[in-house]
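This report concerns only the one structure given below.
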Amino acid sequence: MDPARLDRAYQTARAALLAERHPGGYWVGELSTSALSTAVAVSALSLVDARKHASLIDGGIAWLRANQNADGGWGDTVKSFSNISTTLLCISAFHLAGASERQGEPLTRCREWLKRFGDTPSEIAEAVRARYGKDRTFSVPILMTCALAGLVEWREVPSLPFEMACFPQSWYRFLGLPVVSYALPALIAIGQAVHHHRPSWNPLARLVRVASVGPSLRVLTRIQPPNGGFLEAAPLTGFVTMGLASSGRKDHPVVKKAVEFLVASVRADGSWPIDTNLSTWVTTLAVNALASGDDLESLDRKEEMVEWLMRQQYRERHPFTGADPGAWAWTPLPGGVPDADDTPGAILAMCQFPDLVDGRRHAFDLVNGVKWLGDLQNRDGGMPTFCRGWGKLPFDRSGSDLTAHALRAWHVVGWKAKVTPRALAYLAREQRPDGSWLPLWFGNQHAPDDINPTYGTSRVLLAYRDLGLMDSEPARRAVPWLLANQNADGGWGGCLGTPSSVEETSLAVEALLAAPSTAAVDRGVMWLCDAIEAGKLREPTPIGFYFAKLWYFERMYPLVFAVSALGRARRLREIV
């Protein structure tokens, strides 16, 4: 390895990272624009008031047409493979916007692509249901949109028990809801839409749902963020808007605020992103990446940034999920929800500044953040995303990547409670026979079943590194898996044979730097140097979450992961 070349690559990545910093001392980042979000937003605005929002609707339709994939379908991002969900939502948007006759050629190509899933609306609907299995969080909104557009019959849209939202929030995990914990707004609004268009045949169920409309709408009103955007996400906000508007509530206060959010979040090119931003998340990633290379002195305005991070901690019980105070969400905006990935990230970032985070002034922040994570731990020892004990659906199950991140946060503050051995036992059980771990949140569209064991294994190994457990049996099994899944070009993708990316190569390199030095690590570092010299720092890779059923990419990810890996490599080789 050429030390000068490694240093130049690091300096280039660090400069790019620092150039992204907001004048306020934090980072905002930029999420990919999304065909899925754009289609849902267009459909929602069309149902509420097509004339008033004509310019936004026309702009969204034009963007969708310009970004149709060559095969005739649409993917979630401009870099994503076509999938049935986003393709159906785009077709629905054309119909609901009254643009289907003007868009004959794109729709003809699209219908040809859809034939791989069946020739009839019923077959298409079944393909959507099969894609998501028992989890109705996305299948029902998609099929509702198709029914509103006349693409499928309402009998194809499963009902949602929106009446369950009227129970106390603490009961939700015992009720067996068919949607994940964050999707309560969809449960209410879409459940009411299905009830409106296809009432239950059971007289008792019909009576209960009629009586539950008002109370559940009050719940929906109470949990809506001040800016109208549920989770800061155009898809969820748009689905809620469609559900209420289609059941005769275009003028409901929830719809008005939701429309305000959609109008405010459209981009200049006529599209919508998957979420507003991941500002808190990317800020903590950036801080921890610079710390990896012992390079925090490159940051100015440290106190300002630490105070900004402190302000993002929730000080009151969250109205949406009922989360206790003490945690962080991915964004400082009002639609965020505290979770078990952003909270460890924030704790790790704050602990990089011991002179600024003194025990008396910030005792609430660290102690309560750590306690919040401990209280969230599931009975199996793993960490869920939002809510403890739901356990059945994605985001509500324990995840190896989340558990590893929590372990690192507990360790850095010296918290050695019983949560640590339970979490380590969970990770040992979740390790696959080949030595790898699968993450809950992130996937790779090139890998079989869209999995990403490179991400999962690397993230878990970082926890074993921090805890001084690289000689443990799980870590000794994981390192050979990473080495065996290095591509011939020296980089890593989601697994062996998938295209190498800056993000995945950086994660694998950083994890392997904690293992005995190998030529494979040097090859990975050189791959990163090649990529940076070729300008690939500005080429983010689509990352799947929700078991890879929804895709996005973030402009900051290649920068932060490259800085973290190269900074540590530079430090270990004493290139300063």
Enumeration of residues in region 251-273 that are part of a loop (DSSP other than H, G, I, E, B), in contact (Cβ under 8 Å) with a residue 40 or more places away in the chain and more than 18 Å from S92 (Cβ to Cβ): V266, R267, D269
Could you give every pair whose Cβ atoms fall below 7 Å, whose first residue belongs to region 201-216 and is within 20 Å of P185 (Cα to Cα), and whose second residue is among the hydroxyl-bearing types (S, T, Y), counting only separations of at least 6 or pairs across chains? R209/S200
Which members of region 145-165 meet the condition of being surrounded by fewer than 21 Cβ atoms within 10 Å (Cβ to Cβ), not in a loop (DSSP other than H, G, I, E, B) and not charged (D, E, K, R)? W154, M164
I'd like to know if region 381-399 contains one or more residues that are farther than 26 Å from I543 by Cα and either modelled with pLDDT under 90 or buried (at least 19 other Cβ atoms within 10 Å of the Cβ) (or both). yes
Taking region 222-254 and keeping only residues that are acidic (D, E) and either over 16 Å from L184 (Cβ atoms) or in the same structural domain as Y552 (by TED's automatic domain parsing) (or both), one is left with D251
Residues being without any contact (Cβ under 8 Å) to a residue 24 or more places away in the chain, small (G, A, S) and part of a loop (DSSP other than H, G, I, E, B): count how many of those fall in region 1-37. 0
Note on region 1-37: residues buried (at least 20 other Cβ atoms within 10 Å of the Cβ) and out of contact with any Asp or Glu (no Cβ under 9 Å at 6 or more places or on another chain) are L6, A13, L17
Residues that are within 29 Å of the chain's Cα centre (by Cα) and surrounded by fewer than 24 Cβ atoms within 10 Å (Cβ to Cβ), drawn from region 41-66: L47, V48, H53, L56, D58, G59, A62, W63, R65, A66
Just need a number here: residues in region 400-422 that are at pLDDT 90 or above, over 18 Å from D342 (Cα atoms) and of a type outside the set (D, E, K, R). 2
From the list P325, P332, P319, P344, exactly one residue is more than 19 Å from V28 (Cβ to Cβ) and either in the same structural domain as A165 (by TED's automatic domain parsing) or modelled with pLDDT of 95 or more (or both). Which is it? P344
Would you pick out the residues in region 91-113 that are in a helix (DSSP H, G or I), farther than 15 Å from A70 by Cβ and within 30 Å of the chain's Cα centre (by Cα)? I91, S92, A93, F94, H95, L96, L107, R111
How many of the residues making up region 70-104 are more than 18 Å from D58 (Cα to Cα), acidic (D, E) and without any contact (Cβ under 8 Å) to a residue 24 or more places away in the chain? 0
Would you say A149 is among the small types (G, A, S) and either at pLDDT 95 or above or outside the structural domain of V240 (by TED's automatic domain parsing) (or both)? yes
Condition first: closer than 19 Å to N452 by Cα, in contact (Cβ under 8 Å) with a residue 40 or more places away in the chain and not aromatic (F, W, Y). Now tell me which residues in region 525-545 satisfy that. P540, T541, P542, I543, G544
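The values are calculated or read from the model by the stated rules, or taken from the named source; none is laboratory data. Just so it is clear, the structure is predicted and the values come from calculations on it, not from any experiment. Positions of Cβ are generated from backbone atoms using ideal geometry, with glycine treated the same way; all protein chains shown enter the neighbour counts.
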